[in-house]
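A.B. asks: Let me give you the structure first, and then I'll get to my questions.
The values are calculated or read from the model by the stated rules, or taken from the named source; none is laboratory data. The structure presented is a predicted model; accordingly, all values stated were derived computationally and were not measured. A quick note on method: Cβ atoms are made from the backbone with ideal geometry, for glycine too, and the neighbour counts reach across all protein chains shown.
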Amino acid sequence: MPAALWRHRLNRASRLDSHLASPGPEAIMAIIYKHPALTDYFATVGVRATSPASEIPSICKPYELGRVIDFPKLDLKIDHAFWAALPTDQISRLKKLSSSPGAGDLSHDPLLERRLAEAHLPAGLKRRLKKEIVRLYERVLPVYEALFAGYRFTRRQVVWRLNTIHNENLHVDTYAAAHTDHFARMFINLDDQPRIWMTSWSLAELYARFGERIPRDLVEQSTPNQLHAAINQAAFGGRSTVWWDSQPRHVVYFQPGDVWSVDSRQVAHQIFYGRRAVSIDFFVEPDSMIKRKRHYLNFARLYRAGLLGAA
Ligand SMILES: [Fe+2]
């Protein structure tokens, strides 16, 4: 997509910013250093955990357009000392836990029960961890579902990312097998230290800038998911050990308790440093998207057809 058109679409979506009249002293604001060569795709929404659903704006449209949306007033009352002290280095199964809160009863979570059983946690720690997880669900999930109102969720997935990460390579998210669902993604920094991200080109910009580096036969024969992996490699080196690319980056310090949403399949990013975070990753039926053609795999199809400018 031409850069000017991309910026125009993002600017149209920036009316969201008006929901944030004044951050206020209690706000948890991400600290952002913006690179002038990159599109400014950051937005803020001043929703509170206590806001009634009727007053919460839908973020589906700007989310599908690849904005990074921060929620500085969404005070989730997280016990950062608890999360920071979790012994994830001693109990490796604690490094990453999947869960799936029940739609009617948030504490009904057989997947989490299985994962916690596999981790062989001391009984007291297991009880406390479940309590903190359900407490967070109760505060954030009503807001999350209102922010993504209109999406039809096909799977309620949450991933607790409790290991320490240093210096990932820049990438858009790709998978061994393609996910055909869209997903509605929200991150929360649970730790008592900032989670430091860098973000770079959008998926559309990556194809426009680096697509020609992919051999034409590979473009024609690859699946969309394979093409996304190829564009990662063409732009950034494509492996976690390759971090010395020279592409521009925005630098973002997500503070303890910070909450943000971004379709990480659509915006290149890297965790530079982070310890404890959770991502709410409910799967979404693509037909319930505002624009079905913004599905992440469609970018590869459009590029292959020479039609990416119409995305
Ligand atoms: Fe990622």
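A.B. asks: Here are the criteria: (1) crowded, with 21+ Cβ neighbours inside 10 Å; (2) at pLDDT below 95. Tell me which single one Arg249 does not satisfy.
C.D. replies: So the condition that Arg249 fails would be (2).
A.B. asks: Could you look through region 195-230, keep only residues that are among the polar types (S, T, N, Q) and assigned to a loop (DSSP other than H, G, I, E, B), and pick out the one that is farthest from the chain's Cα centre (by Cα)?
C.D. replies: If we take residues in region 195-230 being among the polar types (S, T, N, Q) and assigned to a loop (DSSP other than H, G, I, E, B), then Ser222 is farthest from the chain's Cα centre (by Cα).
A.B. asks: Report yes if Gly306 is more than 16 Å from the ligand (Cβ to nearest atom) and either touching a Leu at 6+ places or on another chain (Cβ under 7 Å) or part of a helix (DSSP H, G or I) (or both), otherwise no.
C.D. replies: Considered against the rule, which asks whether it is more than 16 Å from the ligand (Cβ to nearest atom) and either touching a Leu at 6+ places or on another chain (Cβ under 7 Å) or part of a helix (DSSP H, G or I) (or both), Gly306 comes out as no.
A.B. asks: Among residues belonging to region 110-162 that are in contact with a helix residue (DSSP H, G or I) (Cβ under 8 Å, 6 or more places away or on another chain) and assigned to a loop (DSSP other than H, G, I, E, B), point out the one that is farthest from Ile69 (Cα to Cα).
C.D. replies: His120
A.B. asks: Right, another one. Among Glu118, Glu132, which is the only one that is away from the ligand (no atom under 16 Å from the Cβ), surrounded by 15 or more Cβ atoms within 10 Å (Cβ to Cβ) and in contact (Cβ under 8 Å) with a residue 24 or more places away in the chain?
C.D. replies: Glu132
A.B. asks: Restricting to region 246-272, and then to whatever is under 15 Å from Ala235 (Cβ atoms) and more than 10 Å from the ligand (Cβ to nearest atom), can you tell me which residue is farthest from the chain's Cα centre (by Cα)?
C.D. replies: Ser246
A.B. asks: On to the next question. All but one of (1) buried (at least 20 other Cβ atoms within 10 Å of the Cβ); (2) modelled with pLDDT under 95 hold for Val158; which doesn't?
C.D. replies: It is condition (2) that Val158 fails.
A.B. asks: Contact list please: Cβ distance under 9 Å, first residue in region 268-280 and under 22 Å from Ala81 (Cα atoms) and part of a strand (DSSP E or B), second residue of a type in the set (Ser, Thr, Tyr) and near the ligand (Cβ under 10 Å from one of its atoms), pairs at least six apart or on different chains.
C.D. replies: Ser279/Ser264
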